[in-house]
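Input: one structure, supplied below.
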Amino acid sequence: MTRIDTVQPADSVRTVDALAEAVLAGGHGPLPSGLTATSVFWIHHGTRLAGGDTTYLNQYVLVRVGGAFGGCAFEAGEIDPSLCREHSGAPLDVLLREAPRPLRIAALDACLAGADPHRAAAAAGRAEPVVLPAGAPEVRAAARDAAIAGLLDIAPGSRVGLIGVVNPLVAAIRERGGVPLPCDFNLKATQWGDPVTTDMHEVLDRADAVVCTGMTLGNGSFDTVLRRCRDRGIPLVVYAQSGSAVARAFLGSGVTALSAEPFPFSQFSGEETVLYRYRAAVDGA
């Protein structure tokens, strides 16, 4: 894999709330008070991959700001469709301050993606674009999860905490010699019968490396995962459809590597789409 180094600014943030405050102050592009959330919308969809026995039910809230989209997954019943009518056309700073958390993350994601699009990062050599092949969902999911697992530099037998379980990613970790430690609030077992714990702290204490999804941004657990991995000095790879530009802001400040998949996400197309892989800079690299 091509090594992509990302150098972090000296004033890198340590929490999601601190990042939002920095964005509100104009520290990451234009002032949000001068930007408008042209469109707020949400998607509810179900997926069951061939050969699997798990139906994934996912909800996303999305925000469009100019040419950029931001997105965040949320739990069923957490927010109401009426927020699309209430917040479309709102100033972005209002969403960042007052909206329910998933919508705040989506707005923050849109703001950061607009100021620094992933495609521009790739053009500048700060990210590696990975083209997912056209085809069936199973083909595209396997390619996507292999790209994510490819960000893990693990020795055989390494325990890899998986905060947010995606079955093809479990398989991809095993193929690289890792031992998955799956954690999820909504699943009891993987496709192969591995028990899935709901105790994130148990996984974070045992893991030699951690992969977490962008859903942790939406449910508020990202800061805990980030801090624990930082304190233990273990790699943290983030797979982000939710908040891909938000997670990018923490490269080198706890996040070791990132697979960023901006909207429209791979599951919504059968054509070629692109995700972007980032790695934090390593001293002396």
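The values are calculated or read from the model by the stated rules, or taken from the named source; none is laboratory data. Predicted model only: the values in this text are computed from it and were never measured. Here the Cβ positions follow ideal geometry from the backbone for every residue, glycine too, while neighbour counts run over all protein chains shown. Note: accessible area is taken over every heavy atom of the protein model, side chains too, but ligands, DNA and RNA are not part of it. Shrake-Rupley method; radii C 1.70, N 1.55, O 1.52, S 1.80 Å.
For every residue, the table says whether it meets (1) closer than 22 Å to V23 by Cα; (2) of a type outside the set (D, E).
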{"site": "D199", "(1), (2)": "no, no"}
{"site": "G214", "(1), (2)": "yes, yes"}
{"site": "G218", "(1), (2)": "yes, yes"}
{"site": "A245", "(1), (2)": "yes, yes"}
{"site": "L251", "(1), (2)": "yes, yes"}
{"site": "L258", "(1), (2)": "yes, yes"}
{"site": "P262", "(1), (2)": "yes, yes"}
{"site": "F265", "(1), (2)": "no, yes"}
{"site": "E272", "(1), (2)": "no, no"}
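Another question, if that's okay. With the structure loaded, tell me whether D199 is more than 27 Å from L49 (Cβ to Cβ) and more than 12 Å from the chain's Cα centre (by Cα) or whether it fails that test.
No.
When the residues of segment 171-189 are filtered to those that are open to solvent by less than 10 Å² (accessible area, probe 1.4 Å) and modelled with pLDDT under 90, which remaining residue is nearest to S266 (Cα to Cα)?
Step by step, filter segment 171-189, then rank; the result is A172.
Could I ask something else about it? Looking at segment 172-227 only, could you name the residues that are farther than 27 Å from V246 by Cα and not in a loop (DSSP other than H, G, I, E, B)?
R174, E175, V179, A189, P195
Take the residues of segment 217-273 that are surrounded by fewer than 18 Cβ atoms within 10 Å (Cβ to Cβ) and of a type in the set (K, R): which is farthest from R126 (Cα to Cα)?
Applying the filter and picking the extreme gives R232.
Identify the single condition in (1) modelled with pLDDT of 90 or more; (2) surrounded by fewer than 23 Cβ atoms within 10 Å (Cβ to Cβ); (3) not charged (D, E, K, R) that I163 does not satisfy, given that it satisfies every other one.
(2)
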